[in-house]
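The structure under discussion appears below in the form of structure tokens.
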Amino acid sequence: MGYKILDKIELCPNQYELKIEAPFVTRNAKAGQFIIFRVEDNGERVPITIADVDREKGILTVVFMAVGYSTKKLAQLEIGDEIIDVVGPLGKPTDIEKYGTVVCVAGGYGAAPCYLISKAFHDAGNKVHMIMGARNKDLLFWQDKMAKACEELHIATDDGSLGHKGFVTEVLAEIMDKEKVDYVIAVGPMPMMRAVANLTKDKQIKTEASMNPIMIDGTGMCGACRVTVGGEVKFACIDGPDFDAHKIDFDEVINRTKIYKDEERRRSENCNLLKKADAIAAK
């Protein structure tokens, strides 16, 4: 049994929203959790954070960027096609409490999981600020949807094409100067989450980061997603993905991710060279 794609939208260049028929996943899915999919037999297992759920209709919404082999294959599927595997919900849900004033900081495609997180905090009685950041306005999505899940929506773009010109941390600093912030959660690129943690640490504001390290099996068996938190080894797939941002060894995670990406780039370049050699030989 496959998982049928019910809707597909290209939100912005190379970034897609899929609605998938997955009632067994949506039944228990909560904010902050993720799924692991396989596009085809013998395909790799790829994690994607849950962006939205419709429990009544059994519809799962995910947002992803087509950057690797499997996400590019996923982007090639159309409405009516099926994904061979969707496993979840996985990971621990975001710990939703009534803190007071909550700030959700979303960088890039990290905005997608922040929708459910922001909505959950809002429904719990918090005042919620949402900060969405991207390189430019063309890479932003779901602004209208996000605005309904919070009290105040803030936009930051590197080039100033929309909202504040600069980083999400600059907007966060402005909010912290104007009012008491009780809780911050950051979702997005590792350097951005590290910068958020550094900003809130001196003010002793409870801050969590949704970690997205390399992940393979999603059950804690492979150890690929290990993260050092407070000097202890944790696994993002079963202990997270949310961790105390002030205790995460971001340098370690970033260095490990860089090694993986460099190796992936090297293999891709070698593969392209082999293809060119085969093409020349065929002539």
At 0.692 mPa s and 37 °C, Stokes diffusion of the range 94-210 via Kirkwood alpha-carbon radius, µm² per second
240 µm²/s
Fewest-first ranking of Lys4, Lys73, using other Cβ atoms within 10 Å as the exposure measure:
Lys4, Lys73
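How large is the dipole of the chain about the Cα centre if only Lys and Arg carry +1 and Asp and Glu carry -1, each at its Cβ, rounded to the nearest 20 debye?
Here the chain has a charge dipole of around 340 debye.
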Angle check, please: helix 250-282 long axis (alpha carbons) against the longest principal axis of the chain (alpha carbons), in degrees 0 to 90, nearest 10.
20 degrees
Can you give the % of DSSP beta bridges in the chain that are antiparallel, to the nearest 5?
60 percent
If Glu208, Glu252 are placed from fewest to most neighbouring beta carbons inside 10 Å, the sequence is Glu252, Glu208
Under a 5 Å amide H to amide H cut-off, with H placed in plane at 1.01 Å, what residues pair with His246 once short-range neighbours are removed?
Thr207
Interchain or long-range residues, amide H under 5 Å from Leu11's placed H:
Tyr16, Glu17
The helix 190-201 Cα axis meets the longest alpha-carbon principal axis of the chain at an angle in degrees, between 0 and 90 and rounded to 10, of 10 degrees
For the chain, take the alpha-carbon Rg, divide it by the Kirkwood Rh, and send me Rg/Rh.
0.98
Helix 168-178 vs. the chain, principal-axis angle (Cα, 0 to 90°, nearest 10)
10 degrees
What full-extension length gain, to one decimal in nm, is calculated for Lys137 and Ile9 as 0.36 nm per residue of separation minus the Cα-Cα distance?
44.3 nm
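How much mean residue ellipticity at 222 nm does the chain get from its helices, if each DSSP H run of length 4 or more adds -39500 (n - 2.57) and you divide by all residues, to the nearest 500 deg cm²/dmol?
-9500 deg cm²/dmol
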Once amide H atoms are placed 1.01 Å from N in the peptide plane, what residues at a sequence separation of 5 or more from Val128, or on another chain, have their amide H within under 5 Å of its amide H?
Val102, Glu151, Glu152
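We did not get these values from a lab; they are worked out from the coordinates using the rules stated. Note that the structure is predicted; figures quoted are calculated from it, not measured. Positions of Cβ are generated from backbone atoms using ideal geometry, with glycine treated the same way; all protein chains shown enter the neighbour counts.
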